[in-house]
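Taking it in order: structure first as structure tokens, then the write-up.
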Amino acid sequence: MPVLKPNWTGLPDVARLLSLMAKGASIYKADIQIADMDRNYYANHSLTLACHPSETEERMMVRLLAFVLYAHDSLEFGRGISTQDEPDLWQKDLTGAIDLWIEVGTREERDLRRACGKARQVVVIGYGGRGVNIWWSQNSEALTQLKNLTVINVPLPATQGLASLANRTMELQCNVQDGQISVIAESEMIQIEPVVLFAPGQD
């Protein structure tokens, strides 16, 4: 297996972190080792996540899962759940153009259409069980017209399991193979099999 190299992406700058703390956000730190055999991506990342007062630990951990699935040196967390003009995570190229825009949870069709106009690739990672299926049944006809959109549903038992791993300081091993993710924390392991509801090129 390739040697894992430390990577400090995902850390917000000091001013942003202080601003989030002033708004009552709880700060979590996660050292994660990613071995993604599907993308041939192997790296360590030290992340700082700010959990907004209105955000659950379950949602925060889904944001962390989103980072694992699309990990890259340039992938960063947005400013938070209360910010309308930024996604939960995004990745920009050297010119500032948005390569990847990731939203956690369901969104209005107009908001996703707008995001698809701004970014080369947009990903929605839904969670919460039956609500995602209802949202998709109501919006799929319109959303499948957006050819740079991917929609993923993470099953409720998996996100509940992730929430149980949440701690202010975390050390996680994350393995990805054949679309399945194993998240290991000390002696506990959570198995996750996301369901792709729609992807580019899919009819």
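Tabulated data
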quantity: Selection from the stretch 29-38 of residues that are farther than 12 Å from residue 173 by Cα and either in contact with a helix residue (DSSP H, G or I) (Cβ under 9 Å, 6 or more places away or on another chain) or part of a strand (DSSP E or B) (or both); calculated: 29
quantity: Given (1) surrounded by fewer than 16 Cβ atoms within 10 Å (Cβ to Cβ); (2) at pLDDT 95 or above, number of the condition residue 83 does not satisfy; calculated: (2)
quantity: Selection status of residue 140, more than 20 Å from residue 33 (Cα to Cα) and at pLDDT 95 or above; calculated: yes
quantity: Residues satisfying the stated conditions in the stretch 135-160, i.e. in a strand (DSSP E or B) and more than 11 Å from residue 101 (Cα to Cα); calculated: 151, 152, 153, 154
quantity: Boolean, residue 192 is in contact with a strand residue (DSSP E or B) (Cβ under 9 Å, 6 or more places away or on another chain) and over 30 Å from residue 108 (Cα atoms); calculated: no
quantity: Filter pass, residue 132 being part of a helix (DSSP H, G or I), touching a strand residue (DSSP E or B) at 6+ places or on another chain (Cβ under 6 Å), of a type in the set (Val, Ile, Thr) and over 23 Å from residue 33 (Cα atoms); calculated: yes
quantity: Those residues of the stretch 75-129 which are part of a strand (DSSP E or B), among the charged types (D, E, K, R) and either closer than 19 Å to residue 64 by Cα or out of contact with any Leu (no Cβ under 8 Å at 6 or more places or on another chain) (or both), in sequence order; calculated: 76, 92, 99, 103
quantity: Options 151, 183, 196: the member that is of a type in the set (Val, Ile, Thr), within 17 Å of the chain's Cα centre (by Cα) and surrounded by fewer than 12 Cβ atoms within 10 Å (Cβ to Cβ); calculated: 196
quantity: Matching entry among 161, 129 (being modelled with pLDDT under 95, surrounded by 14 or more Cβ atoms within 10 Å (Cβ to Cβ) and over 15 Å from the mean Cα position of the chain (by Cα)); calculated: 129
quantity: Positions within the stretch 98-114 being under 20 Å from residue 52 (Cβ atoms) and either surrounded by fewer than 16 Cβ atoms within 10 Å (Cβ to Cβ) or over 16 Å from the mean Cα position of the chain (by Cα) (or both), in sequence order; calculated: 108, 111
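Okay, residues lined up against (1) within 20 Å of residue 167 (Cα to Cα); (2) surrounded by 20 or more Cβ atoms within 10 Å (Cβ to Cβ); (3) at pLDDT below 55:
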{"residue": "2", "(1), (2), (3)": "no, no, yes"}
{"residue": "7", "(1), (2), (3)": "no, no, yes"}
{"residue": "15", "(1), (2), (3)": "no, no, yes"}
{"residue": "19", "(1), (2), (3)": "no, no, yes"}
{"residue": "38", "(1), (2), (3)": "no, no, no"}
{"residue": "42", "(1), (2), (3)": "no, no, no"}
{"residue": "69", "(1), (2), (3)": "no, yes, no"}
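Every residue, every condition in (1) within 19 Å of residue 63 (Cβ to Cβ); (2) in contact (Cβ under 8 Å) with a residue 12 or more places away in the chain; (3) in contact with an Asp or Glu (Cβ under 6 Å, 6 or more places away or on another chain), yes or no:
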| residue | (1), (2), (3) |
| --- | --- |
| 116 | no, yes, no |
| 128 | yes, yes, no |
| 138 | no, no, no |
| 144 | no, yes, no |
| 154 | yes, yes, no |
| 158 | yes, yes, no |
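The values are calculated or read from the model by the stated rules, or taken from the named source; none is laboratory data. Only a predicted model underlies this, so the values are computations on that prediction, with no experimental measurement involved. Cβ: placed from backbone, ideal geometry, glycine included. Neighbour counts: every protein chain shown.
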